[in-house]
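To start, the structure itself, in structure tokens.
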Protein chains: 2
Amino acid sequence: MTIYEIIRRKRDGGELKRAELELLIQGFVAGDVTDYQMSAFLMATFFTGMTKSETETLVRTMLASGETVDMSSLDGPKVDKHSTGGVGDKLSFIMAPIAAAEGILIPMISGRGLGHTGGTLDKLESIPGLRTAFSPLEFRDLVGQVGMAIVSQSSEIVPADRKMYALRDVTATVECIPLIVGSILSKKLAAGLDALVLDVKVGRGAFMDSLERGRELGRYLVDTALSLGLRATAVLTSMDSPLGAAIGNALEMIESVDVLKGGGPTDVRETSIELAAHMIHLGGVSSDLGEARIRARTALDSGRALETFTRFIVAQGGDPAFIDTPSVLPSAPVVREAMAPAEGYVDSIDALEMGLTSVELGAGRLTMAGTIDPAVGIELLVSVGDHVEAGRPVARIHASDDSANASAAARVLAAIHIADEPPARTDRILEIISQVE
Amino acid sequence: MTIYEIIRRKRDGGELKRAELELLIQGFVAGDVTDYQMSAFLMATFFTGMTKSETETLVRTMLASGETVDMSSLDGPKVDKHSTGGVGDKLSFIMAPIAAAEGILIPMISGRGLGHTGGTLDKLESIPGLRTAFSPLEFRDLVGQVGMAIVSQSSEIVPADRKMYALRDVTATVECIPLIVGSILSKKLAAGLDALVLDVKVGRGAFMDSLERGRELGRYLVDTALSLGLRATAVLTSMDSPLGAAIGNALEMIESVDVLKGGGPTDVRETSIELAAHMIHLGGVSSDLGEARIRARTALDSGRALETFTRFIVAQGGDPAFIDTPSVLPSAPVVREAMAPAEGYVDSIDALEMGLTSVELGAGRLTMAGTIDPAVGIELLVSVGDHVEAGRPVARIHASDDSANASAAARVLAAIHIADEPPARTDRILEIISQVE
């Protein structure tokens, strides 16, 4: 079986054998399979998909391409969460401290932002002194000491994913369920997890734009995780409008602290509690999901989550001064409010447009080589359903100069749709997909 | 519009604008668009196709990537034929001399064999001294002097096709109608043609395995040619069984001479006459196709086609001695007959298997870097419909050693299916697709 025949078989909708997928992926990592043959294979897979059995082999082969982190010396359930990426998504900074405060160990390997979605590492690095590059041993020790750590992916972990993702990103083969599953699960298995909570975003600002596609991805992830011995739950959450009010790196860290102190936007607070409850439940700390929800809420309201968050920031070298004094974080030179053009009810806030506008401001990057500005971003002053008066502020733009501010303000106002009638109430949490063992 | 967005639009079934296709193809030839982005685009095109308008732009952009041959100083209709590739296809050596004898100018740029189909240039080069590499000016002068020339593609002609074909060949994106049309028509337009006869092979030994797919390709080629100002007719011919009796380079040259002398297999003779008649008709030498058929048959039977063939061989540096003395061509050391295992009627002869067996003998190549043996091949001693006796010879194998001979004999016998009843009679020429202007 040659690489040509493997591509051709996938193109024609056939199922590949384990040895064939191994030949392809191992050969690609070793440099024997060319980028152009791999990209033809990836595009063929976009169209013809993979069977469950092929996807499992894909995950295993990708995992085997690199080293794994040995967390076995740590005593306690290792649980992580993964988000498929949204706009204003700062949930990790809240849910992880909540779950860690309840005895869950959270070895989180995160990524940088690309396209219209922000990156967890980019947000964290707006904190002076904070580091995210650690060796596998340092990573394990951080998790052991604090209960959680958020680090960048080292080059030894799943090199097949780094190489494949770089290619998918420039060949329009990202939005393919088996390839998404291969990428997520291989990295999570490499971190030595017992269980995984998946936050599958659905809507305008997410990769999966319909509930059906989100459900398909969630079910596929949960089922494949189970067959690989990993407990998993997928929570489908709405990404039609941005999560919370802040979009931008330092702005999102400040909002996270607000929520950890008991304030902040309700959607961020409630979604964080729900996801943390699933981590606590899947990790076996609570055998009952209802009890896990109560534990999560109590950990947040008692201040224990904020305490864990503070220890996490310090352990990774960050200056915790911003927790009490947000103004120590980078701030933008031109901060101005944008005013509602008409009276009415906020009918929708376009998450994709908000994400793209924040990238245009400098908060994100469009290629991996791009740099980001931690200070810039958007603060929404209204939520979906709010009544607004014409001429009253609906957003605050943090920009590097006047012209960027004006340009962003126009895009932001166009993305906040105002209607005569209030919209139907919608929930952030749409559906929960559990394993059936 | 970035290359990423172009790939994505094609992936999602959208129609690309002229400027977008130009950016892609010109960038690819210039080396600015990577092989892996082009191969993702080619695979996406395999699945979503192209509109007529996109295909026209593809042809024009590929054509513009290189030089064209200026044939305008030659007085007479310039007509070529193109075959989509079959097994035992030596028709060019017969139809071109026929049409040239009737006043058609034939500037033929040919390819080498790849996969199970033989190459026109490989067959020609079995003649001692014969050259196929000529400059554009030499090429024009050969056509002017003899009425025909068969040369290899210079690196200045349609570099986009050479680069794209090399990539398609290793990424399983050859069998895609708009890409096939782009490749064929860009090269033919570069040769300064007025008209083109297309021999679209259909069946077991062809790229298009069904009549429906062949019809689709033929109609697409003819329509696109018309919209680019090129008169064209497609003749669908059957490639379930090999054309004629000889498969192999020198063997096919010998069979071609037999036909030019008035003998040889009927299917080769009749198909050559039909295709030559379309060249004569499309070139405007006969305004009536029936008359063109009579002219073609007369040119062959009178010996004028053989005379033109002889001048063509000499003009390209070949020693014409083989025309009278076939034994001067390379001959294989081990020539043996293979005997029918049972009595009955030849029901079918698998063209694909015959092609693959001839490649295994050394008559073809599986990669562009492979070398070929001009002497080896297969001579069929029976045709479909013949009655055979058990133990009587059905094929003669020309091999480089005993073991290759024995192995090929077994494959050849397995590919000649013998049945109790004679098969239904089938024609080589299945359908003619003309332009409706």
Computed Rg/Rh of the range B:85-194, alpha carbon atoms with Kirkwood Rh: 0.96
How well do other chains shield peptide B:30-36, expressed as the mean number of their Cβ atoms within 10 Å of each residue Cβ? 3
Above 26 angstrom, tally the Cα pairs of chain A and express them as a % of all pairs, no decimals. 56 percent
Can you grab the distance from the C-alpha centre of the range B:69-125 to the C-alpha centre of the range B:399-434, Å, no decimals? 25 Å
Measuring from its Cα centre, the range A:124-196 shows a charge dipole (+1 at each Lys and Arg Cβ, -1 at each Asp and Glu Cβ) which, in debye to the nearest 20, is 100 debye
Value of relative contact order over the range A:308-437, rounded to a whole percent, pairs C-alpha under 8 Å and six or more apart: 33 percent
Under a 1.4 Å probe, what is the accessible area of the range B:3-49 per residue, stated in Å²? 40 Å²
Assuming a viscosity of 1.567 mPa s and a temperature of 4 °C, what translational diffusion coefficient in µm² per second does Stokes-Einstein assign to the range A:241-297, Rh being the Kirkwood radius over Cα pairs? 108 µm²/s
For B:43-54, what's the mean count of beta carbons from other chains sitting within 10 Å of each residue's beta carbon? 3
Note the direction-averaged projected area, equal to a quarter of the hull surface, for the Cα convex hull of the range A:269-382, in nm². 11.1 nm²
For the range B:1-150, what is the Kirkwood hydrodynamic radius in Å, using each pair of distinct C-alpha atoms? 18.2 Å
I'd like the residues of the range A:147-170 whose 1.4 Å-probe accessible area shrinks by no less than 40 Å² going from the isolated chain to the full set of protein chains. A:170
Please report the Cα spread of the range B:149-285 along all three principal axes, rounded to whole Å, starting with the longest. 41, 38, 33
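Ignoring ligands, DNA and RNA, please state the percent of accessible area on the range B:330-419 from carbon and sulfur, probe 1.4 Å.
53 percent
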Counting heavy atoms of the protein chains only and a 1.4 Å probe, report the per residue accessible area for the range B:330-419 as a whole number of Å². 44 Å²
Rounded, prolate or oblate (a/c below 1.5 giving rounded, otherwise prolate when a/b exceeds b/c) for the range A:10-95 by Cα gyration tensor: prolate
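Given 37 °C and 0.692 mPa s, compute D for the range B:330-419 with the Stokes-Einstein relation, Rh being the Kirkwood radius over Cα pairs; round to the nearest whole µm²/s. Mind showing how you got there, number by number?
On the way: Rh = 13.2 Å.
This corresponds to a translational diffusion coefficient of 248 µm²/s.
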Could you tell me what fraction of 2.2 N^0.38 Å the Cα radius of gyration of the protein assembly as shown comes to, as a two-decimal ratio? 1.20
Viscosity 1.567 mPa s, 4 °C: Kirkwood-radius Stokes-Einstein D of the range B:3-49 over Cα pairs, µm²/s: 124 µm²/s
Among B:212, B:360, B:337, whose mean-square fluctuation peaks in a Gaussian network model of chain B (Cα, cutoff 10 Å)? B:212
So which trypsin sites (Lys or Arg not before Pro) in the range B:90-180 end up in coil per DSSP with only 15 or fewer other C-beta atoms within 10 Å? B:131
Shielding of A:173-184 by other chains, given as the mean Cβ count within 10 Å, works out to 1
Need one number: buried accessible surface between chains B and A, 1.4 Å probe, both sides summed, DNA, RNA and ligands left out, in Å² to 100. 1900 Å²
Calculated [θ] (222 nm, deg cm²/dmol) that DSSP helices of n ≥ 4 give over the protein assembly as shown, each run adding -39,500 (n - 2.57): -14000 deg cm²/dmol
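So for the range B:3-49, averaging the separation of alpha carbon pairs under 8 Å that are six or more residues apart and normalising by length, what relative contact order in percent results?
Relative contact order comes out at 52 percent.
The values are calculated or read from the model by the stated rules, or taken from the named source; none is laboratory data. Bear in mind that the values here come from a model prediction, so they are computed numbers and not experimental data. Note that we place each Cβ from the backbone using ideal geometry, even for glycine, and neighbour counts take in every protein chain shown. With ligands, DNA and RNA removed, areas are computed over all heavy atoms of the protein, side chains included. Shrake-Rupley method; radii C 1.70, N 1.55, O 1.52, S 1.80 Å.
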